[in-house]
Amino acid sequence: MTTPDADGVLAEQLLRLTRRLHRTQKRQLAAAGLAITPAQFRLLRTVAHCDTPPRMADIAARLEVVPRAVTSLVDALEESDCVRRVADPASRRVTRVELTDTGRSALRTLREARRAAAEDILAPLTAAQREALGGLLSALVDGPAPGPAC
């Protein structure tokens, strides 16, 4: 009998944990009456972290997706009044994206749902275990920053 590949098992556990976090967060969002996809949430967070409204191309680079995907996400978020497209004052050909008040409110609700989902998942861990897990996860995700800075 062969021993399973430890890295493969660990990767599968991480994937399962991520899916569980998404499912739990989705339930929290449904309870709050907010229908935003994880990709839309990432876009909202990206726009919120920028000092000035980012260009669509910058958002695509930060999210590591093709520009067309950003267009679709912005279309959906604009339809729900979470973001709006604005002209770049320096160049009429450039479109920037900014959060609306509705978008800021949605982002707060999303963050609360994420915290509640994480709390649910992390409940079995002690404070020391959570701290150790946080350190390990930071070591895994801290790499080169994706895309250009805002």
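Structural remarks
- Take every pair of alpha-carbon atoms less than 8 Å apart whose residues are at least six positions apart; their mean separation over the length of the chain yields a relative contact order of 28 percent.
- The GluC sites (Glu not before Pro) of segment 84-137 include none that DSSP puts in a loop with a beta carbon having at most 16 other beta carbons within 10 Å.
- In Hz, Karplus ³J(HN,Hα) per residue of segment 115-122 (6.51, -1.76, 1.60; θ = phi - 60°; x = Gly, Pro): 4, 5, 5, 5, 4, 4, 6, 8
- Gained length - Thr95 relative to Ser72, 0.36 nm times residue gap less alpha-carbon distance: 6.9 nm
- Amide H to amide H distances under 5 Å link Val94 with Asp88, where only residues 5 or more positions off or on other chains count and H is placed in the peptide plane.
- Acute angle (nearest 10 degrees) that the helix 6-32 long axis makes with the longest principal axis of the chain, alpha-carbon atoms: 50 degrees
- Whether segment 38-98 is rounded, prolate or oblate, judged on the alpha carbon gyration tensor where a/c under 1.5 counts as rounded: rounded
- Annotation: per residue accessible area for the chain equals 67 Å², rounded to a whole number [probe 1.4 Å, protein chains only].
The values are calculated or read from the model by the stated rules, or taken from the named source; none is laboratory data. Nothing here was measured: the structure is a model prediction, and the numbers come from that model. Using ideal geometry, Cβ is built from the backbone for each residue, glycine included, and neighbour counts are taken over all protein chains shown. Areas reflect the complete protein model, heavy atoms only, side chains present, ligands, DNA and RNA absent. Shrake-Rupley method; radii C 1.70, N 1.55, O 1.52, S 1.80 Å.
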